[in-house]
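The values are calculated or read from the model by the stated rules, or taken from the named source; none is laboratory data. Model, not experiment: these values are computed from the prediction. In this analysis, Cβ positions are derived from the backbone assuming ideal geometry, glycine residues included, and neighbour counts consider all displayed protein chains. For the accessible areas, the whole protein counts, side chains as well, though only heavy atoms, and no ligand, DNA or RNA atoms are used. Shrake-Rupley method; radii C 1.70, N 1.55, O 1.52, S 1.80 Å.
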Amino acid sequence: MIDTLTAAAIEAGKAILDVYARDIAVDEKADCSPVTEADRCAEEIILAILARSFPDIPVVAEESVAAGAVPEIEGQRFFLVDPLDGTKEFINRRSDFTVNIALISDGEPVAGVVFAPARQVGYVAEGGRAAKFQVAADFAVIETTEIRCRTRPASLTAVASRSHSDAETADFLARNAIRDCTSIGSSLKFCLLAEGLADVYPRFGRTMEWDTAAGDAVLRAAGGRVTTLDGQPFRYGKRRQANDCDFANPGFIGWGRDCGPEGREKEADGRESG
């Protein structure tokens, strides 16, 4: 499956870069978020490939949901698709936008691909393993390397949203004595944790499941995890929510290996026993 998801993400990435190379017309959706020809074209490509390869697995895709097309997912596996995550980065000609495709089973992301076409790099997760791949100018995959979260360092490095910074994030960094923080767009934040370049990703602002699922899959497969703000497991397939729309996420924290509160407890236990 992961080969098909990767091929779909790369094909979508090609279409996105075609639009990226010319003037970008921006429309506004009902929720006031921006959408472009690249979003729509990339989603069409991904949906066609998934329908052909996995006709029995429903797909929840960002632009389709915005148009009112929401499949029944109760009690079954389903795909979450964000054809262009980081549309603001794309519009502003920054390179940290991605294509996200994830498979959800029992509320968890069990496989996924994150592809950053302008950076010619991607990340995949399947079977509890995560890898980073590079593509050549013709989009052929030329190098794949397995990745893992690093063990907890003495001083944590955070990643945060470039377009959605807020006072809650600043307060979280201060409370946890985190001085180093890298700002980057899209689901690449999860991937930086997965490849051991950072340790924690706090997000207090609103996201949707298709924004996070593929990056979450990569992070989990690399040895990290994602929790709600109160430390509960982060779940997918959220429908009929009392306080928000279908598929909306609560705030969350992405953690590298041994980097959550229990990681500090283990560290303290080690010092005491030593």
Qualifying residues in the stretch 48-59 (those that are in contact with a helix residue (DSSP H, G or I) (Cβ under 7 Å, 6 or more places away or on another chain) and either of a type outside the set (V, I, T) or in a strand (DSSP E or B) (or both)) - the one nearest to I16 (Cα to Cα): L50
Qualifying residue in the stretch 183-201 (condition: farther than 19 Å from D216 by Cβ and either among the acidic types (D, E) or in contact with a strand residue (DSSP E or B) (Cβ under 8 Å, 6 or more places away or on another chain) (or both)): yes
Which numbered condition A160 misses (of (1) open to solvent by 50 Å² or more (accessible area, probe 1.4 Å); (2) outside any loop (DSSP other than H, G, I, E, B)): (1)
The stretch 20-47, subset aliphatic (A, V, I, L, M) and outside any helix (DSSP H, G or I), residue surrounded by the most Cβ atoms within 10 Å (Cβ to Cβ): V35
Members of the stretch 68-113 that are part of a strand (DSSP E or B) and surrounded by fewer than 16 Cβ atoms within 10 Å (Cβ to Cβ): S105
For G128: the one exception among (1) open to solvent by 70 Å² or more (accessible area, probe 1.4 Å); (2) under 17 Å from G223 (Cα atoms): (1)
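Here's the yes/no breakdown for (1) open to solvent by 20 Å² or more (accessible area, probe 1.4 Å); (2) at negative phi; (3) within 12 Å of the chain's Cα centre (by Cα):
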residue: E168; (1), (2), (3): yes, yes, no
residue: L188; (1), (2), (3): no, yes, yes
residue: L193; (1), (2), (3): no, yes, yes
residue: P202; (1), (2), (3): no, yes, no
Qualifying position, being out of contact with any Cys (no Cβ under 9 Å at 6 or more places or on another chain), of a type outside the set (A, V, I, L, M, F, W, C) and farther than 30 Å from D39 by Cβ, among S187, S155: S155
Qualifying residue in the stretch 94-110 (condition: in contact (Cβ under 8 Å) with a residue 12 or more places away in the chain, on the phi > 0 side of the Ramachandran plot and within 20 Å of the chain's Cα centre (by Cα)): yes
